[in-house]
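J.: This is the structure I want to talk about, given as structure tokens.
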Amino acid sequence: MGSGFRVVLVAAACCLTLPALAYAAVSTAARPTAVPGASWAPPTPAEGARIQATVGAQVSFTLAATAPGAPVVSVRISGAGLPPGATFAPQDGNPASASFNWMPGASDAGRSYSMIFTAQPSIPGTAAATRHITISVASAGGSPPPPRPSPPPKPKPKKDRFVLSGPDNLYRYAFVLRRGVARSAPRLGARPVGRLDRFTPEGTTNLVLALEGRRTRRGVWIRVRLATLPNGRAGWVKRKVLSDWKEVRTRLVVDRRSLSATLYRRGKVVFRAPIGIGASRWPTPRGEFYIRNQLYGFGNPVYGPIAFGTSARSAVLTDWPGGGFIGIHGTNQPGILPGRVSHGCIRLRNGDILRLARLMPVGTPLTIQ
């Protein structure tokens, strides 16, 4: 694990299809680049901000967003649900900015407008940032009309458990903010089942798929999928070690019998392609996993133009660089697909992997069946 390890670190997560000697072809200068995500910056209004407006009075505010990787990465801000007659002027860049201006008319009195603004980096597959802002309009010289009376809500029993991924094809993930121990139960005295590191073997910020949560007297715990052997293991971690939630509506299913990969969005098929998987000596593992990162810039045609690192690991090639993580990537031998041709990773033709990269963000759940 000396200096030679850093030379081959790039391929550890994105490819198990090649003999170990192939890793020497990836130089330090050609290491893949991590795909960043967007975040809001001042003077953007806070999430859930409510702006009180009056008929005939101008309403103005500014949004700003950034993403790591300038000047290569650019950010675009878009808006939805804007009031009729409002002007919205975005300016792409890093940072990106956008100005909102609107003067409510008499017909807007008593109305509320819920707007959603999205900051999206220019690299496909990156996580977007959203911001919800509401404008409520009062008549000139007055306050907004009082809300209609409604019956008091029925008290709801407090739930100590809550689901984070699965229902309505909605899945949540979070980045690891600090190192933590995953335990078999949501309490500090429970048996350790794994560790969470801040970074992946490729140097990208580590992320985990969140399955469920539990509130306890000592704080909130989250059950997450782990990128450890044996495959399929999950563990409980303290909520404070994770970032705020990111959401995806996609799910990738790899079928080892039909040698195909299918991407679903909101439960509907949006992508399907033939694939290569591991040979019988180095099988692609079966189970439930997730997409950990997106990598590109290899300088080596063996891996194709882009790759995805997953939380799945080979059970037989554990001594490979980085621990034998399964990757999804392109190939310079499209003629051998579909087939059982790799050391465990999942190969797609280069055109298919580029199309998949435009449709599938990091954090997407992965089912290998």
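J.: Pick out the one residue from R225, R218 that is surrounded by 20 or more Cβ atoms within 10 Å (Cβ to Cβ) and outside the structural domain of I328 (by TED's automatic domain parsing).
T.: One residue alone meets the criteria, R225.
J.: Tell me, please, whether a residue that is among the acidic types (D, E) and in the same structural domain as F308 (by TED's automatic domain parsing) can be found in the stretch 250-267. Can you show your working first?
T.: Within the stretch 250-267, the subset among the acidic types (D, E) is 255.
If we keep only those that are in the same structural domain as F308 (by TED's automatic domain parsing) as well, we get 255.
So far as the stretch 250-267 goes, yes, one or more of its residues are among the acidic types (D, E) and in the same structural domain as F308 (by TED's automatic domain parsing).
J.: From I346, I336, grab the single residue that is outside the structural domain of A174 (by TED's automatic domain parsing), within 28 Å of R233 (Cβ to Cβ) and β-branched (V, I, T).
T.: Numbers: I336 fails: within 28 Å of R233 (Cβ to Cβ).
That would be I346, the only listed residue that is outside the structural domain of A174 (by TED's automatic domain parsing), within 28 Å of R233 (Cβ to Cβ) and β-branched (V, I, T).
J.: Oh, and also: Where in the stretch 217-317 are there strands (runs of 3 or more DSSP E), lying wholly inside it, with at least 1 residues that are of a type in the set (F, W, Y)?
T.: Details: elements: 219-225, 234-238, 246-248, 250-255, 260-265, 268-274, 276-278, 287-296, 306-313.
It comes to 219-225, 234-238, 260-265, 268-274, 287-296, 306-313.
J.: With in a strand (DSSP E or B), of a type in the set (A, V, I, L, M, F, W, C) and out of contact with any helix residue (DSSP H, G or I) (no Cβ under 8 Å at 6 or more places or on another chain) as the only criterion, which of A185, A210, A190 stands out? Working first, answer last.
T.: Numbers: A185 fails: in a strand (DSSP E or B); A190 fails: in a strand (DSSP E or B).
It is A210.
J.: Quick one: count up the residues across the stretch 82-111 that are under 16 Å from A49 (Cβ atoms) and modelled with pLDDT under 90.
T.: Residues that pass the stated criteria total 0.
J.: Let me ask something else about it. Report yes if some residue within the stretch 193-214 is more than 20 Å from S311 (Cβ to Cβ) and free of Cβ contacts under 8 Å to residues at least 60 places away in the same chain; otherwise report no.
T.: Step one: list which residues in the stretch 193-214 are more than 20 Å from S311 (Cβ to Cβ), which gives 214.
Subset that is free of Cβ contacts under 8 Å to residues at least 60 places away in the same chain: 214.
Checked the stretch 193-214: at least one residue is more than 20 Å from S311 (Cβ to Cβ) and free of Cβ contacts under 8 Å to residues at least 60 places away in the same chain.
J.: On the given criteria, is W236 in the same structural domain as G213 (by TED's automatic domain parsing), in contact (Cβ under 8 Å) with a residue 40 or more places away in the chain and more than 18 Å from the chain's Cα centre (by Cα)? Talk me through it step by step, then tell me what you get.
T.: Details: in the same structural domain as G213 (by TED's automatic domain parsing): yes; in contact (Cβ under 8 Å) with a residue 40 or more places away in the chain: yes; more than 18 Å from the chain's Cα centre (by Cα): yes.
For W236, the condition - in the same structural domain as G213 (by TED's automatic domain parsing), in contact (Cβ under 8 Å) with a residue 40 or more places away in the chain and more than 18 Å from the chain's Cα centre (by Cα) - is met.
J.: For the stretch 221-233, state whether one or more residues are touching a helix residue (DSSP H, G or I) at 6+ places or on another chain (Cβ under 7 Å) and farther than 23 Å from I368 by Cα. First the steps, then the outcome.
T.: Of the residues in the stretch 221-233, the ones touching a helix residue (DSSP H, G or I) at 6+ places or on another chain (Cβ under 7 Å) are 221-222.
From the residues that got through so far, the ones that are farther than 23 Å from I368 by Cα too are 221-222.
Scanning the stretch 221-233 turns up at least one residue that is touching a helix residue (DSSP H, G or I) at 6+ places or on another chain (Cβ under 7 Å) and farther than 23 Å from I368 by Cα.
J.: Please verify whether Y296 is at pLDDT below 90 and either within 24 Å of A38 (Cα to Cα) or touching a Gly at 6+ places or on another chain (Cβ under 6 Å) (or both), treating the condition exactly as stated.
T.: Working: at pLDDT below 90: yes; either within 24 Å of A38 (Cα to Cα) or touching a Gly at 6+ places or on another chain (Cβ under 6 Å) (or both): yes.
Taking the combined requirement at face value, the residue satisfies it.
J.: Any residue in the stretch 39-58 that is modelled with pLDDT under 80 and assigned to a loop (DSSP other than H, G, I, E, B)? Break it down into steps so the answer makes sense when it comes.
T.: Keep residues of the stretch 39-58 that are modelled with pLDDT under 80, which gives none.
No, the stretch 39-58 contains no residue that is modelled with pLDDT under 80 and assigned to a loop (DSSP other than H, G, I, E, B).
J.: Taking the stretch 318-345 as the region of interest, how many residues are of a type in the set (F, W, Y) and either part of a helix (DSSP H, G or I) or buried (at least 24 other Cβ atoms within 10 Å of the Cβ) (or both)?
T.: Just the residues of the stretch 318-345 that are of a type in the set (F, W, Y), to begin with: 320, 325.
Subset that is either part of a helix (DSSP H, G or I) or buried (at least 24 other Cβ atoms within 10 Å of the Cβ) (or both): 325.
Total meeting the criteria: 1.
J.: When both residues are 6+ apart or on different chains and their Cβ atoms are under 9 Å apart, which pairs have a first residue that lies in the stretch 75-88 and is basic (K, R), and a second that is assigned to a loop (DSSP other than H, G, I, E, B)?
T.: R76/D92; R76/S122
The values are calculated or read from the model by the stated rules, or taken from the named source; none is laboratory data. Nothing here was measured: the structure is a model prediction, and the numbers come from that model. Ideal geometry is used to build each Cβ from the backbone, glycine not excepted, and the neighbour counts take in all protein chains shown.
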